[in-house]
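Enquirer: The structure's right below; bear with me while I get my questions together.
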Amino acid sequence: MSKENKDSIEKRRKFLKSMAAGSAMAIPVSAGAMGGMGGGGFGGGGSTGGGTASVTPFQVPLPIPPVLQPVSQDATTDYYEITQMEADVEIIPGTTTRIWGYNGITPGPTIVAQRGREVKVRQYNALPEHITTHLHGGHIEAASDGHPVDFVEPNNFKDYTYSNIQRATTLWYHDHAEYLTAPHVYKGLAGFYIITDDAEKSLNLPSGDKEVAFVIQDRSFNADGSFAYTGNRSGELGDTLIVNGAPQPYLEVSNTKYRFRILNGSNRREYILALSNGQQMTQIGTDGGLLPSPVNVDTIFMSPAYRSDIIIDFSQVPVGQSVVLQNLDGSGSTAEIMRFDVVRSETDTSDVPAVLSTDVVPLQESDAVVTRRFTFSMSRGNWVINGQPYDSQRIDVNPKLGTTEIWELTNRSMMNHPVHIHDIMWQVLDVNGQPPGEEYMGERDVFVVRPMSTVRVIGRFDDYTGLYVFHCHNLEHEDFAMMANFEVQP
Ligand code: C2O
Ligand code: CU
Ligand code: CU
């Protein structure tokens, strides 16, 4: 790369370092935050981390990542620039954690895209290792998909083009470097990318400060605040839950409806969300966008990389009281995710219409030109698909553009595999021959496949030709090497 580019990266790095100090991560800490052991100690949910830092729950406010502003715009395109860099931030109150962040914060800045309007993101790599950036859930030309070996070397950059031709939904961008995705994401390389459109806006769902995106992750910390990442090949489990980068935060709300776009951004941990007062939540969307109609649910299961778009109606909670978002799959320090404090009363002007969207056509089995079968298992210390570990040079599948396929995903191991397929959205046909449950609702790009189970999904390769991957989104499984290439043919 040119000297000019290097200089400008160096300048940006310095500028962003000075900014990181005042970023969304530098949370004002309340005086009581360091006192006492909270959350019932460690060991929840099969924790393996060696962390020793401790958190008192609900001491810090939920951080909201800043919305990234374009550096320029023209008739068709919004242009953005992001620098991936190290930064020291306060996650556990009173300590400092060295993170890898997009613009030095984690989660990274949120990109808000308009359906049909192109986005170009220039990603500078000011990190010490090569990286590649994937927009998860995006219908993207292959050259911009962030293929695991499409590396951006340190002190270099790449321009990614996103057409935003898909339905409005919640996507996220994260690192995808071959064999390094798990540690890179663990260190902080993840952020929201939201596609919106007029149809969604016309619904009058809760919006403004009543529309909040948050990512749930688990981390373990050493006493000095540094991440205690072990690289466990089964999948990393942390003992501390962080939401938008803050440990078990609280959010002050009014007694009205709120829309939450929830992402499980954990390497391996699953969650079963529930509200501590027993109240139901209303799910309005999944990975691929809005559901046809709202669905009232008591619990929401979330595998790694699942997105759940939900409404919580706080009019059922008296002002002055709180409700905790629980994780029924956790225990001890992983049983409580965050707390909503209902602090004021307000008139609710939002709606949750009975019809949310009409643009998803259920795909028919008879539309499929082929059924492909994939097994997910362990072989000779590797996680493998159809018996083979990932090889960036091997292309296993060649779907044809414009055709519909059924993929039959069978788990022959004793761990769950959240299978993720790039490029398009899918619908789940059945699970072990039975109608799929709520955790498979809507259009999806991730489907949990439980031990000794088979999930059949159907999807249409409708947008782009070229090379993509599919893999387990338990990130240590992906790195060791439960992933394969597919190439969409013209
Ligand atoms: Cu979110 Cu291929 O990944
Ligand atoms: Cu993806
Ligand atoms: Cu897996």
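The values are calculated or read from the model by the stated rules, or taken from the named source; none is laboratory data. Computed from a predicted model, the values in this text were never measured in an experiment. Heads up, the Cβs are rebuilt from the backbone with ideal geometry, glycines too, and the neighbour counts pull from every protein chain shown. Ligands, DNA and RNA are excluded from the accessible area calculation, which covers all protein heavy atoms including side chains. Shrake-Rupley method; radii C 1.70, N 1.55, O 1.52, S 1.80 Å.
Enquirer: Looking at Val431, Val469, Val455, Val488, which one is among the β-branched types (Val, Ile, Thr), within 16 Å of ligand 3 (Cβ to nearest atom), surrounded by 19 or more Cβ atoms within 10 Å (Cβ to Cβ) and more than 21 Å from the chain's Cα centre (by Cα)? Please lay out each step first, then the result.
Expert: Working: Val431 fails: within 16 Å of ligand 3 (Cβ to nearest atom); Val469 fails: more than 21 Å from the chain's Cα centre (by Cα); Val488 fails: within 16 Å of ligand 3 (Cβ to nearest atom).
From the options Val431, Val469, Val455, Val488, the qualifying one is Val455.
Enquirer: Another question, if that's okay. Give the residues of the range 230-247 that are closer than 14 Å to Tyr271 by Cα and either within 16 Å of ligand 2 (Cβ to nearest atom) or part of a strand (DSSP E or B) (or both), sorted by residue number.
Expert: Across the range 230-247, the qualifying residues are Thr240, Leu241, Ile242, Val243.
Enquirer: Moving to a separate point now. Of the conditions (1) within 16 Å of ligand 2 (Cβ to nearest atom); (2) of a type outside the set (D, E, K, R); (3) open to solvent by 10 Å² or more (accessible area, probe 1.4 Å), Phe447 clears all except one; give me its number.
Expert: Going through (1) within 16 Å of ligand 2 (Cβ to nearest atom); (2) of a type outside the set (D, E, K, R); (3) open to solvent by 10 Å² or more (accessible area, probe 1.4 Å) one by one, Phe447 breaks only (3).
Enquirer: Could you check how many residues of the range 409-428 are part of a strand (DSSP E or B) and open to solvent by 40 Å² or more (accessible area, probe 1.4 Å)?
Expert: So the answer is 0.
Enquirer: What about Arg412, is it away from ligand 2 (no atom under 16 Å from the Cβ) and at pLDDT 95 or above?
Expert: Working: away from ligand 2 (no atom under 16 Å from the Cβ): yes; at pLDDT 95 or above: yes.
In short, yes.
Enquirer: Then there is this: Could you say whether any residue in the range 97-104 is away from ligand 2 (no atom under 16 Å from the Cβ) and over 19 Å from the mean Cα position of the chain (by Cα)? Show your work before the answer.
Expert: If we filter the range 97-104 for residues that are away from ligand 2 (no atom under 16 Å from the Cβ), which is where we start, we get 97-104.
Remaining after also requiring over 19 Å from the mean Cα position of the chain (by Cα): 97-98.
There is at least one residue in the range 97-104 that is away from ligand 2 (no atom under 16 Å from the Cβ) and over 19 Å from the mean Cα position of the chain (by Cα).
Enquirer: State yes or no: is Ala87 touching a residue at least 40 places away in the same chain (Cβ under 8 Å), open to solvent by less than 60 Å² (accessible area, probe 1.4 Å), under 17 Å from Asn164 (Cα atoms) and of a type in the set (A, V, I, L, M, F, W, C)? Explain how you work it out, then say what you get.
Expert: Values: touching a residue at least 40 places away in the same chain (Cβ under 8 Å): yes; open to solvent by less than 60 Å² (accessible area, probe 1.4 Å): yes; under 17 Å from Asn164 (Cα atoms): no; of a type in the set (A, V, I, L, M, F, W, C): yes.
So Ala87 fails the test.
Enquirer: Here is a further query. Quick one: in the range 64-77, which of the residues that are open to solvent by 10 Å² or more (accessible area, probe 1.4 Å) and assigned to a strand (DSSP E or B) is nearest to Gly116 (Cα to Cα)?
Expert: The initial filter retains those residues of the range 64-77 that are open to solvent by 10 Å² or more (accessible area, probe 1.4 Å), namely 64-76.
Then keep just the ones that are assigned to a strand (DSSP E or B); that gives 67, 72-73.
Numbers: Val67: 19, Ser72: 17, Gln73: 14 Å.
Result: Gln73.
Enquirer: Working carefully through the options Ala354, Ala305, find the one that is closer than 27 Å to His136 by Cβ, of a type in the set (A, V, I, L, M, F, W, C) and part of a loop (DSSP other than H, G, I, E, B).
Expert: Numbers: Ala354 fails: closer than 27 Å to His136 by Cβ.
After ruling out the rest, the residue left standing is Ala305.
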